[in-house]
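The values are calculated or read from the model by the stated rules, or taken from the named source; none is laboratory data. Just so we're clear, the structure is a prediction, and the values are computed from it rather than from any experiment. Please note: Cβ atoms are built from the backbone with ideal geometry, for glycine as well, and neighbour counts cover all protein chains shown.
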Amino acid sequence: MLPLDLDALTGCLASSACLVTQTTSGFIIGMLLFLVAVGLTLIFGVLKVVNFSHGAFYMFGAYFAMTAYQVSGSFALAMLCGAAGTALLGLIFERVFMSRVYGSDVLMQLLVCYAFVLIFDDVVRMIWGPEFKSMGMPAAFQVAPLFIAGGVVPPYYLLLIGVALVVAVVLGLGLARTKIGKVIRAAAHNPGMVSALGINTGLIYGGVFALGGMLAGLAGALAAPVRSLTPGMGFSVLIESFIVTVIGGMGSILGALIGAILIGMIRSFGSLGFPLFTEGLMYLFMVIVLVSRPTGLFGKEVA
Amino acid sequence: MTELQAEQGTVVPRIESQSQRSRYRDLLIALVAFAVLAILPMLTGSKALLDFVIRCSAFGLFATSLNLLVGYTGLVSFGHGMFFGLGAYGFGLIMQRTGLPVPIAFVATLVITTLIAAVIGAICVRLKEIYFAFVTLAFQMLIHSTILSWVSLTGGDQGLRGGIPRPAFFGIDLSNHVHLYITSCALLVIGLLLMRQIAQSPFGYTLRMIRDNATRASFVGIDVWRAKLTIFVLAALFASTGGIIMALFVSGAYPEFAYWTISGEAIFINMLGGVTTFLGPMVGTVLLLILNDTVTRLTDYYGIVLGIVILFFAIGLRKGLMDFVVEWYARRGDKAGERG
């Protein structure tokens, strides 16, 4: 039957050290997923496009950051390169290719994205080679881990969680309070009317796509020191962030955050209790949410 | 009898005789196609060509059955591959574990597929558009994860190994390459003919109506949910048959058969060939397999070449090859008509 290891799970839930370690690792998975998923959800909310190639931006972010770090040795510059490079890529991708298939049906949009998943993976293979790469932890973070209630928390993890939370707050407030946020929400609601009012919707679309790409790239750049880099690395992240957006509700930023944390916890604790069925748990959870609430937990048109 | 009734009286038999005639035509085409495929081994000794046709049969059935959902009913399933995998694993496991005769194992696999498809379909077809796509994808991945983790039954990521026993039945020995080839062709032709019948039946037109306007269909008194569920299960059966052919061909079953990429490939095949004609997916299958075989032989960067081809179809043509051909043909006909 399905392999279960409930002893390991209950044992961990009983010990505070293990609890802290697993919760932190759940948060890390969740926060990286959130950065990818929030871009996905934004692009869907405004452009009504399911960006199937979003994982590729995550991958490029990681590779850009690695190269920038190897050349300059600066961690900050590496993050900047990862984010800015993918933002540019997103802008070009949207303006040159995606904008041509807005009117046509969903299948065409998915196909264009699918084509780019294939192309981008091969481009990375050409430039950086097919083997696993690693960026290495920057010197600034090579310090002793913190011990919280007996659990081990590397300082880099705190930075990661911090960045993701800042992004969540800035995006949420930016969309709700600023003028640009208002225009974006309006464009999501009724693009024809917005463009009739003299606002360049093409620019907004390109901008939102670039922003989404940038966030995925930032996630990739942040993940580069702790994960190994390989062509096709974006794929599992893409599938998981799909689950996150679907659980949270397409188009909802808060939904993406909650969904990402939930999936992070399922992965972290599930790997103890159901070592081989962790992924299955996520899909099962997704099925349950979708069947009971087809629009997701926070499914309303936000952005 | 009022004038209206009288008119209806004459119209209905005409449509019926027409559909009768097109049914005979389909049958004739199927017989000719099968005859051509069947004499192929006598003309050529090329094993590679026969292998190619067997793979076309497996993927052709699978892709055409997806078109029943996508093209005819407007249900964009992202998890259709789960039934392909289910067919391959179901058949392989039954043959390995029980040693039943092939036809019984075949029927048993289809029964299992029906049950699972009915449960999954009952949950999925309630949902609309993109959510339907996501839930089917989730079920696909759920089945894939189950296959990976249920090592004692499925062999986990190694797949079903050790070969699938193929005892002879009715004088057909599936371990003989030509016998396997003929059986695959027969299954393909029969499968396509059945799907064609479904597509051209009143039920098939009901599906088109649901695709175009589900609300109106339900006002006319059609039970939309039931019609969608029925076609979901029927399509699953043909996909499962494709999986069985694949399992027989490779003499095993692998987790990739149930991975989402197999669904992605089927969608791509549909787009490549075109979803507006019945044979579009079949044409797409042949195209994709030829493309696969030649490109992997010529270059390591298979993804780039395939990606550019996809872009050409999606952005350049904006439709499948058969759609393009049909439209071109119609346009040419119009022009000829104008001239004459």
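Listing for the model above:
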read-out	value
Sole residue being surrounded by fewer than 24 Cβ atoms within 10 Å (Cβ to Cβ) and either at pLDDT below 85 or more than 14 Å from chain B (Cβ to nearest Cβ) (or both), chosen from A:VAL106, A:VAL46, A:VAL38	A:VAL106
Answer from A:PHE34, A:PHE27, A:PHE57 - the residue that is among the aromatic types (Phe, Trp, Tyr) and farther than 19 Å from A:GLY162 by Cβ	A:PHE57
Selection count where residues are within 14 Å of chain B (Cβ to nearest Cβ), under 21 Å from A:ALA188 (Cβ atoms) and in a helix (DSSP H, G or I), scope segment A:231-254	7
Residue ID - surrounded by the most Cβ atoms within 10 Å (Cβ to Cβ), chosen from residues in segment B:315-339 that are within 27 Å of B:VAL53 (Cα to Cα) and out of contact with any Asp or Glu (no Cβ under 9 Å at 6 or more places or on another chain)	B:GLY320
Single match in B:LEU188, B:LEU180 (criterion: within 19 Å of B:PHE91 (Cβ to Cβ), in contact with a Gly (Cβ under 7 Å, 6 or more places away or on another chain) and modelled with pLDDT of 85 or more)	B:LEU188
Filtered residue count, segment A:213-259, keeping only those that are within 11 Å of A:LEU35 (Cβ to Cβ) and not polar (S, T, N, Q)	14
Near pairs, Cβ below 6 angstrom, 6+ apart or cross-chain, from segment A:8-28 (touching a residue at least 60 places away in the same chain (Cβ under 8 Å)) to any residue that is surrounded by fewer than 17 Cβ atoms within 10 Å (Cβ to Cβ) and outside any helix (DSSP H, G or I)	A:SER16/A:ALA149; A:SER16/A:GLY150; A:ALA17/A:GLY150; A:VAL20/A:ILE148; A:VAL20/A:ALA149; A:THR21/A:VAL152
Some residue of segment B:235-251 being modelled with pLDDT under 90, over 18 Å from B:PHE106 (Cα atoms), among the small types (Gly, Ala, Ser) and not in a helix (DSSP H, G or I)	no
Residues located in segment A:63-103, provided they are within 14 Å of chain B (Cβ to nearest Cβ) and in contact (Cβ under 8 Å) with a residue 24 or more places away in the chain	A:PHE93, A:GLU94, A:ARG95, A:MET98, A:SER99, A:TYR102
Pick from segment B:202-234, criterion of a type in the set (S, T, N, Q) and part of a helix (DSSP H, G or I), ranking: surrounded by the fewest Cβ atoms within 10 Å (Cβ to Cβ)	B:THR215
Index of the failed condition, A:LEU297 passing every other in (1) assigned to a loop (DSSP other than H, G, I, E, B); (2) crowded, with 22+ Cβ neighbours inside 10 Å	(2)
Candidates B:ILE310, B:ILE304 - the one that is within 23 Å of A:GLY232 (Cβ to Cβ), within 11 Å of another protein chain (Cβ to nearest Cβ) and in contact (Cβ under 8 Å) with a residue 40 or more places away in the chain	B:ILE310
Residue that is part of a helix (DSSP H, G or I) and more than 30 Å from B:PRO202 (Cα to Cα), where the choices are B:LEU110, B:LEU93, B:LEU100, B:LEU66	B:LEU93
Unique residue being crowded, with 20+ Cβ neighbours inside 10 Å, within 29 Å of A:SER236 (Cα to Cα) and within 14 Å of chain A (Cβ to nearest Cβ) when the list is B:ASN292, B:ASN270	B:ASN270
Hey, B:ILE262 within 30 Å of A:SER236 (Cα to Cα), at pLDDT 85 or above, more than 22 Å from the chain's Cα centre (by Cα) and assigned to a helix (DSSP H, G or I) or not	no
Complete set of residues in segment A:123-141 that are of a type in the set (Phe, Trp, Tyr) and in contact with a strand residue (DSSP E or B) (Cβ under 9 Å, 6 or more places away or on another chain)	A:TRP128, A:PHE132
Subset tally (residues that are under 19 Å from A:GLY207 (Cβ atoms) and of a type in the set (Gly, Ala, Ser)) for segment A:95-126	1
Answer residue from segment B:150-184, given it is away from chain A (no Cβ under 14 Å) and part of a helix (DSSP H, G or I) and is surrounded by the most Cβ atoms within 10 Å (Cβ to Cβ) among those	B:SER184
